[in-house]
Each structure stands twice: as C-alpha cells, then as structure tokens.
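Accompanying notes for the structure given below.
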Amino acid sequence: MTSESTIPTVDLTAFSSPSTHSDADRLAAGQSFVAVLHRYGSAKVTGHGFTTDEINEAFRWNQRLFVLPYAEKMKAPHPPGPFPHRGYSGIDHYAVADTASTSTSSDRTTGSRKISDLKERYEVGSAHDDHEPNIWLPEATLPGFRAYATSLYKGLSSVGAILLKAISLGLEFTPQEDDALQHLASHRHSQLRLLHYPAILQARLAQDEVCTRMPAHNDWGAFTMLFQDGNGGLELQDPETGEFLRAELGEGALVVNVGDMLGRFTNDYSRSAVHRVAIPEVETVEEKGVPARRSMPFFVRPEPPHTVATLPRFVSAENPGNYEPVRFDEYGALVSKYHYQVGNI
C-alpha cells in the first residue's frame with residue numbers, strides 16, 4: 001500500500017557551508033538528521049553541497065549516455081556474474097524478483113517472485129579501486145564521459161563525507177566512535193550508478209501479470225544517496241506502519257537510505273531502508289503510458305575486508321545486539337550474488 005505521506009526533509013547547509021554557521025547550527029542539523037534516519041531509515045536532504053547546476057549536468061550526461069544505440073553502449077558491457085560490478089547492463093539483463101518479504105539485513109535469500117525488469121544502467125567506481133576496475137566506453141563513443149563520470153564520483157564521495165559528519169555529530173560520537181563510523185565509507189570502494197527507466201506503454205502494463213521498475217529491497221552498504229528526475233517513482237517503506245511513502249524530491253534534494261552496514265553498526269537504531277521504484281496501477285495510467293525516469297544512486301560502502309561490528313553504545317540489557325561482526329566483502333559476496341540473480345543490483 002502506498003501512502004500520500006512522505007519522509008521529512010533535513011537541511012545540512014550548516015555542514016556544507018561551515019564558515020557561515022555555528023557549532024550550535026551543526027549540532028541541531030545533525031540531531032535532526034539522525035532523528036529522521038532513526039524513525040524512517042531514510043531522509044530527504046537539502047544543503048548537502050552538490051549544487052542544482054551539478055545535478056542538472058549529471059542528468060544531461062545520463063541522457064547522452066542512454067540515448068546511444070544499444071550496440072554502442074555494449075562496447076562497455078557488464079561482465080557475466082556480479083563482479084566486477086561495472087559497465088553497461090541493458091533492459092532484461094537480469095531476472096528480477098520482489099524481495100519485500102526479506103527486508104531485514106539478516107535474510108536476503110528466500111521468498112522472492114520474478115517480475116519484469118524495466119531499466120538499464122551504467123556502473124562506475126573509483127579510479128583507484130583495484131577490487132572492481134572500471135569498464136569504460138571508448139572515448140569516441142561518448143567523448144568526455146569518462147572524465148566527467150570520474151569527476152562526478154569524486155564529488156558525490158565528498159557529499160557522503162558531509163553526511164558522515166552530520167551522523168557523527170548528531171549522535172554525539174566520541175572520537176573513537178567517529179573513527180569506527182568513518183571506516184564504513186571508503187572513498188575508493190563506493191559505487192555510482194546511472195539509471196534509465198524507459199517509458200512504459202499502457203498496453204505493456206495491461207499485458208504484464210506483474211510489472212515494476214525496481215522491486216522492494218534493501219541496500220547492503222553503509223548508506224545510499226539518490227537523486228531522481230522530476231518523474232519520481234521512488235517509494236520508501238515506513239518501518240512502523242509498513243506503508244510505502246512517496247519520495248518526491250524538490251529542486252536540489254537527494255534521498256539518503258540507510259543500508260545494512262549502518263543498520264548493523266547502530267544495532268538498527270538506524271534501520272536499513274526498504275525502498276522500491278513503483279509505477280501507478282494500470283487503471284490510473286493515461287493512454288500515453290508512464291514517462292521515462294532517470295536516477296543516480298551513489299552507494300557508500302566500507303573497504304572490502306573491513307569488519308563491521310555494532311557499537312557498544314547501541315547494545316544494552318533492554319536492547320540486546322542483533323548482529324555478529326561481519327566482514328563486508330564476505331557479506332557483500334553472499335548478498336550481491338543473490339541480488340544479481342534476482343536483479344536488484
């Protein structure tokens with residue numbers, strides 16, 4: 001069920017423009033941010049340091065990329081299997097499943113159902129990531145794309161660092177706790193995904209038994225930052241009511257979704273967010289169908305061998321620990337293999 005409600009918006013300008021704000025401003029903004037993440041597992045964020053012009057430029061490159069002929073895009077094909085998770089993947093590249101029934105970070109491997117996969121994507125990582133090297137289009141295919149995508153990755157990584165500062169201050173972490181938090185984010189192991197969801201004709205919706213753009217799922221990194229165009233579609237599940245809330249973004253806003261690693265780190269004080277990209281019920285869709293959608297998630301993740309353990313401050317007799325320590329690469333290998341099989345990566 002989808003509600004007309006939405007998650008709150010938090011302004012983090014006090015962190016992205018520190019010279020014009022006081023320590024009290026930053027504390028208040030950080031506390032507001034972690035309060036929303038605690039309640040919803042997600043938050044809409046403004047004042048994050050990535051300008052509206054930069055967002056618009058990113059979507060212009062998204063359009064230039066995905067309007068290329070399929071044969072040109074396949075000059076940088078995603079290899080078979082989940083690793084390295086780089087390059088271009090076309091529509092229906094994966095079998096897709098709805099994993100809403102397995103929405104906790106401790107269970108990702110049962111209870112799914114196959115549906116239609118209606119998106120294409122291009123994956124980009126750090127230029128310094130030896131674990132998953134990038135797969136680039138030839139320069140002649142899309143001149144300037146490699147340089148731009150490399151710069152975009154760096155810019156979004158900087159936004160992720162601002163969000164970490166807000167979380168740390170909002171929870172009033174000690175220096176030791178802050179150091180542990182910083183290890184959830186690797187500047188060379190995060191992941192940028194450019195996404196295009198083609199328009200869907202009304203007749204296609206009427207024919208398909210089940211049809212979605214992205215089924216309900218969690219992300220398994222620390223957290224995800226996501227920009228989407230004006231056509232929307234992102235929905236976030238309220239952890240208390242089970243309803244899905246629309247995440248329509250105002251100009252310049254992004255959505256932050258808590259991932260499994262931050263959920264484990266905080267013993268679910270900030271819960272890993274269940275989210276999906278939905279389309280309207282067929283009877284509500286106009287004859288011309290559902291318009292195309294473009295989005296840009298950036299997945300903030302630890303180094304592969306890093307062990308994520310719950311901070312002691314989140315464990316007590318009244319609130320016992322939910323998770324054992326886990327190496328991110330081992331957890332990621334298990335979960336990404338499953339998500340690759342069902343199409344959630």
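The values are calculated or read from the model by the stated rules, or taken from the named source; none is laboratory data. Just so we're clear, the structure is a prediction, and the values are computed from it rather than from any experiment. Every residue, glycine among them, receives a Cβ derived from its backbone with ideal geometry; neighbour counts consider all protein chains shown. The area values use the complete protein model at the heavy-atom level, side chains included, leaving out ligands, DNA and RNA. Shrake-Rupley method; radii C 1.70, N 1.55, O 1.52, S 1.80 Å.
Among what's in region 110-122 and is in a strand (DSSP E or B) and not aliphatic (A, V, I, L, M), pick the residue that is modelled with the highest pLDDT.
Filtering first and then ranking leaves TYR122.
Among the listed residues PRO84, PRO79, PRO69, identify the single one that is loosely packed, with under 14 Cβ neighbours inside 10 Å, closer than 26 Å to GLY221 by Cβ and not acidic (Asp, Glu).
PRO79
Among residues belonging to region 180-194 that are touching a residue at least 60 places away in the same chain (Cβ under 8 Å) and in contact with a helix residue (DSSP H, G or I) (Cβ under 8 Å, 6 or more places away or on another chain), point out the one that is most open to solvent (accessible area, probe 1.4 Å).
Ranking the qualifying residues of region 180-194, first place goes to HIS187.
Where in region 123-228 are there helices (runs of 4 or more DSSP H), lying wholly inside it, with at least 2 residues that are over 26 Å from ALA24 (Cα atoms) and either at pLDDT below 95 or of a type in the set (Asp, Glu) (or both)?
202-207
Considering only region 40-57, state which residues are assigned to a helix (DSSP H, G or I) and open to solvent by 60 Å² or more (accessible area, probe 1.4 Å).
ASP53, GLU54, ASN56
Could you please find all residues in region 288-303 being closer than 23 Å to ARG121 by Cα and in a loop (DSSP other than H, G, I, E, B)?
GLY289, PRO291, ALA292, ARG301, PRO302
Which of the residues belonging to region 58-83 are free of Cβ contacts under 8 Å to residues at least 60 places away in the same chain and either within 20 Å of the chain's Cα centre (by Cα) or outside any loop (DSSP other than H, G, I, E, B) (or both)?
Of everything in region 58-83, those that are free of Cβ contacts under 8 Å to residues at least 60 places away in the same chain and either within 20 Å of the chain's Cα centre (by Cα) or outside any loop (DSSP other than H, G, I, E, B) (or both) turn out to be ARG60, TYR70, ALA71, PRO77, HIS78.
Identify, by number, the condition in (1) within 18 Å of the chain's Cα centre (by Cα); (2) at pLDDT 80 or above; (3) crowded, with 20+ Cβ neighbours inside 10 Å that GLY252 doesn't meet.
Against the list (1) within 18 Å of the chain's Cα centre (by Cα); (2) at pLDDT 80 or above; (3) crowded, with 20+ Cβ neighbours inside 10 Å, GLY252 comes up short only on (3).
For every residue, the table says whether it meets (1) hydrophobic (A, V, I, L, M, F, W, C); (2) free of Cβ contacts under 8 Å to residues at least 24 places away in the same chain; (3) over 17 Å from LEU37 (Cα atoms).
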| residue | (1), (2), (3) |
| --- | --- |
| ALA149 | yes, no, yes |
| SER157 | no, no, yes |
| ILE162 | yes, no, no |
| GLN176 | no, yes, yes |
| ILE200 | yes, no, yes |
| GLN237 | no, no, no |
